[in-house]
Structures are given as C-alpha cells and as structure tokens.
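Report on one structure; see the data block that follows.
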Amino acid sequence: MRLPETSPELSKLLKRMKPKDIQLAAQNIAPLAKGKYLHWDELRYREPPPGLTRDGWWASLLLGRHGLMQPLPLLDKRGNPFRFATPSPVQIDLHHIDRDAAGQIRTAVGAPIQEHPARYLLNSLIEEAITSSQLEGASTTRQVAAAMLREGRKPRDISETMIFNNYQAMEHLRSLKQEPITPELILELHRILTENTLEDTADAGRLRKSDDVRVVDQRDNKVVHVPPPSTELPERMERLCTFANADETSLPFVHPVLRAILLHFMIGYDHPFVDGNGRTARALFYWSLARSGYWLMEYTSISHILRRSSVSYMRAYLKTETDQNDTTYFLLHQLLTIRRAIVALHEYLARKAGEQRETEKLLAASPALRTRFNHRQIALLTHALRNLGEGYRVDAHQRSHNVVYQTARNDLLTLHSLGLLEKARQGNAYVFFAPENLRDRLTDLAK
C-alpha cells in the first residue's frame, strides 16, 4: 500500500507562502473542499480554486478546520492529543444515525424485528462473528460457520474457533452493556476472542509484552503502523476506559456514536495485544453503542461492510496519523460504514418480509392451514422454500428462536407429520429435510 503523504503543517505553510497568497487563503477559509473533508494526499492531485495555489488551498482548509477542532484526552505515542472536528458531513451522518438506530423504526419493513427479535438478533450476531473473524484471516465459509453456531457444535479448526469465539464474545458483551468498561473486562473480552487461536496460549487475555509488533498490509507486507511501546499500555488502557465511560456531562462533549468509533480507533492504534486487536476493537464499538441506547446496531454487521472496503478502512487510520492526529477522517469512514450497515439491515428486513408474505400467500388458500402454523414454522418454511434439501435440527431451531427444546421439537415434528419435512437420523439426533417438492406439498395441503 502506498502511504498517504504527510500533510504540511499550517505554521510551515505560512512561512513559505507569499503574503498575497496568505491573504487569498484567509479570504477562502472553509473546512471542506467541494463538500468533502479531503486529506492533503487527495487534495494535492486536484486543481485548486481560481487564484489559490495548492499550498494556499490547503492553508484555507486548515484555517477553516481549526475553529471546529477539539482535543481529546487520548494521546499518540509521542504524547500529543488526538483531535476531531464536526464539519457538516459528520453532523449529517450523526443525524441519520440518531434517527435510524436509536429511536423507533420508521418504516414498515422494521416490523419483523419488533415482532421476532430473537431470530433477527441471532442472524446479526452470526454475521458479525463470521465477517469480523474473516477480516483477520478466518477462512471458513459462511454457510459452514453459520451451521456450526446454530447447531452448537464444537469448532474443528482455528478459523472456526475464531468465529465461535467472536460469537461468544458478542454474547458476553450484551450482558455487560449497562456496566462500565474496565481494563480487566477488556482483557477478559480478549481472552474469549482469542482462546485456542494463538501460538502462545498465555497471550489470550493479557497485554503484549513485546514491542516487536507491526501492523502490516497483507497484500505487500509493507509496515503501515508501529504501535506505542508495551510499557505504556496499562496507563493507556486506563485512559481509554475513562474516556469510554464518560457521559454527556464530560468535556469536551463527544457524541456517543463518535465516542464508540474513537474507542474502536484507539484499540487499533495502540494494538495492545499480540493478535485479535481488530476483533476486540469492533466488539467494544458495539458495547459502547448498546450502552448509549443505539439498540438497532445490535442487528447490524459493520464487519460485513468493512470486509468489502478493507483498504479504505486501513487508509482511514493512516490519514489520521499523517495529518496531525486528526481523527475526523476515521470518524467519517466509520459513520459511512454505520449508515451502510443500517441500509443493509433495512434491505434484509424488506427481503425477508417479502419472502414471508409469499409463504403466507401459499397458506392463505386454506384458512385452517393458515392458522395451524406459528411464526417460527412459517419462518422455517420460508427458508426451506428457497433452500430445498436443507437440513434442520431441533437444537438449531431452538437457538434461532430462543425457545425451549420441547417447543422447537414440536415445531419440527408437526411439520414432519404434515409431510412438509422429511426426517432422517444423523448420529444421535434426527435431522429434518425440506423435500424437493415442498411447494407442491404445501399447495396440495392447502386444497
């Protein structure tokens, strides 16, 4: 990866600029370039506005950002504070997220979550567990990993263990969302995430002891970040927890969504563990948002979005490091990621609602048949119609809908007794299969 060019500091720019260029820059002060919060590395390839030199253009942006910039109680490895600004794009993104992730769902497609939260929450936890692990090298397919989590079977290799651990960690954090975070809780989270996946098992749940840690671009093995010394990590972790637990009375005020993103950023920057830093960072991001009441975020997967834009994810870190600790670049990247994750959730809900309506139409021809199935059975039939030959286990059905074993068993046995599922023994358990002519069987049953 080509690293972004370090941006010129304002004081050095002003020293080398001509007086008339400084005057022109002062007359064009603005934090944005054509509506965007550009980094120097992006701006230096663009044509400046009429009358401005490229240095003058950058100086006008720095002057415009200066009034918006706030220092954070979070430090880089040289002891300098990180900073952030809230230009219009940040405020617009926050408005959308406040509206869409903390309040009531505004559209009809949101109804399925409120009606059957357990099913959709399980789906989102599985998706985040899989894609967050895949971002760090897990190679198991989604289908195999999802089946493992739904069926509760033990992982068979390191990739599956990473995904299994990630799922356990997300469940663990859900129980802690009302608790303040502490260094001990972060270490426990890391232990859950990395258990049985590290070369030295003692590294799970402890801060790294070595400074022989580098963040490397896997595509070309180029070092892109050297984290702070290990001796500083205990104090940095304490400082981070103080920041994470702050509320709206703390100064400077940091919007809860920005606080969650900055928590994510700092774990990535400090790299406090020998491995599993990204998974820990993303898990703490979810904890922070849940603690602040952004309930819908539990149903989204940011890693699903980040996996498709891993290069821009890394560059968002690098832009901060190469522009005087301005975290606004990372904030904007993650705000866009959150908004895309929310859109993806709404599209998923709309698709599932449409699929369920199609299944219900098949049942509508027979009032007696329509009232015979509960929402769990309708959901299973909906899935089965699109996955003919798929196997369904009682324990997986139980986890999907958060019901007791007997309820899940009765659901499947009823569908089997009506000829809608076939049954075969696998090991010590029965597996129910969707027959190839399931749609015809449903149609015949409705007559």
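The values are calculated or read from the model by the stated rules, or taken from the named source; none is laboratory data. Just so it is clear, the structure is predicted and the values come from calculations on it, not from any experiment. Positions of Cβ are generated from backbone atoms using ideal geometry, with glycine treated the same way; all protein chains shown enter the neighbour counts.
Couple of notes before you dig in:
- Conditions (1) hydrophobic (A, V, I, L, M, F, W, C); (2) in contact with a strand residue (DSSP E or B) (Cβ under 8 Å, 6 or more places away or on another chain); (3) in the same structural domain as Pro256 (by TED's automatic domain parsing); number of the one not met by Leu412: (3)
- Any hit, region 245-252, residues being touching a strand residue (DSSP E or B) at 6+ places or on another chain (Cβ under 9 Å), crowded, with 18+ Cβ neighbours inside 10 Å and hydrophobic (A, V, I, L, M, F, W, C): no
- Looking at Tyr405, Tyr430, just one residue is at pLDDT 90 or above and under 22 Å from Lys154 (Cα atoms), and that residue is Tyr405.
- Elements of type strands (runs of 3 or more DSSP E) contained in region 343-445, each with 2 or more residues being without any contact (Cβ under 8 Å) to a residue 12 or more places away in the chain: 422-426
- Reported count of residues in region 193-208, each being surrounded by 13 or more Cβ atoms within 10 Å (Cβ to Cβ) and either in contact with a Cys (Cβ under 8 Å, 6 or more places away or on another chain) or not in a loop (DSSP other than H, G, I, E, B) (or both), is 3.
- Test: residue in region 174-184 that is loosely packed, with under 14 Cβ neighbours inside 10 Å, among the small types (Gly, Ala, Ser) and assigned to a helix (DSSP H, G or I): no
- Region 270-293 residues that are outside the structural domain of Ala138 (by TED's automatic domain parsing), paired with ones that are buried (at least 24 other Cβ atoms within 10 Å of the Cβ) and at pLDDT 95 or above (beta carbon under 7 Å, 6 or more apart): none
- Extreme residue, surrounded by the most Cβ atoms within 10 Å (Cβ to Cβ), among residues of region 289-298 that are under 15 Å from Thr337 (Cβ atoms) and more than 9 Å from the chain's Cα centre (by Cα): Leu289
- Of all the criteria given as (1) exposed (fewer than 13 other Cβ atoms within 10 Å of the Cβ); (2) in contact with a Ser or Thr (Cβ under 9 Å, 6 or more places away or on another chain), the one not satisfied by Ser230 is (1).
- Restricting region 40-68 to residues that are closer than 18 Å to Thr6 by Cβ and aliphatic (A, V, I, L, M), the residue that is surrounded by the fewest Cβ atoms within 10 Å (Cβ to Cβ) is Leu43.
- Arg239 being buried (at least 18 other Cβ atoms within 10 Å of the Cβ), among the charged types (D, E, K, R) and assigned by TED's automatic domain parsing to the domain that holds Thr337: no
- Residue match in region 36-55 (condition: over 26 Å from Gly268 (Cβ atoms), within 28 Å of the chain's Cα centre (by Cα) and not polar (S, T, N, Q)): no
- Which numbered condition Gln143 fails, given (1) free of Cβ contacts under 8 Å to residues at least 12 places away in the same chain; (2) outside any helix (DSSP H, G or I): (2)
- Options Pro87, Pro81; residue that is crowded, with 18+ Cβ neighbours inside 10 Å and either in the same structural domain as Phe265 (by TED's automatic domain parsing) or in contact with a Gly (Cβ under 6 Å, 6 or more places away or on another chain) (or both): Pro87
- Screening Asp211 with (1) acidic (Asp, Glu); (2) within 26 Å of Trp295 (Cα to Cα); (3) in a loop (DSSP other than H, G, I, E, B) gives one miss only, at (2).
- Here His271 meets each of (1) at negative phi; (2) surrounded by fewer than 24 Cβ atoms within 10 Å (Cβ to Cβ) with one exception, condition (1).
- Residue list for region 35-49, filter: free of Cβ contacts under 8 Å to residues at least 24 places away in the same chain, under 20 Å from Asp21 (Cα atoms) and assigned to a loop (DSSP other than H, G, I, E, B): Tyr45, Arg46, Glu47, Pro48, Pro49
- Asp93 falls short on exactly one of the conditions (1) at pLDDT below 95; (2) within 19 Å of the chain's Cα centre (by Cα), and that condition is (1).
- Cβ-Cβ distances below 6 Å connect the following pairs, each with a first residue in region 57-76 that is farther than 17 Å from Leu331 by Cβ, a second residue that is assigned to a loop (DSSP other than H, G, I, E, B) and among the polar types (S, T, N, Q), and a separation of six or more residues or different chains: Ser60/Asn28.
- All positions within region 385-395 that are of a type outside the set (Val, Ile, Thr) and either under 16 Å from Leu438 (Cα atoms) or crowded, with 20+ Cβ neighbours inside 10 Å (or both): Leu385, Arg386, Asn387, Leu388, Gly389, Glu390, Gly391, Tyr392, Arg393
- Of the residues making up region 357-372, at least one is over 30 Å from Ser301 (Cα atoms), among the charged types (D, E, K, R) and exposed (fewer than 13 other Cβ atoms within 10 Å of the Cβ).
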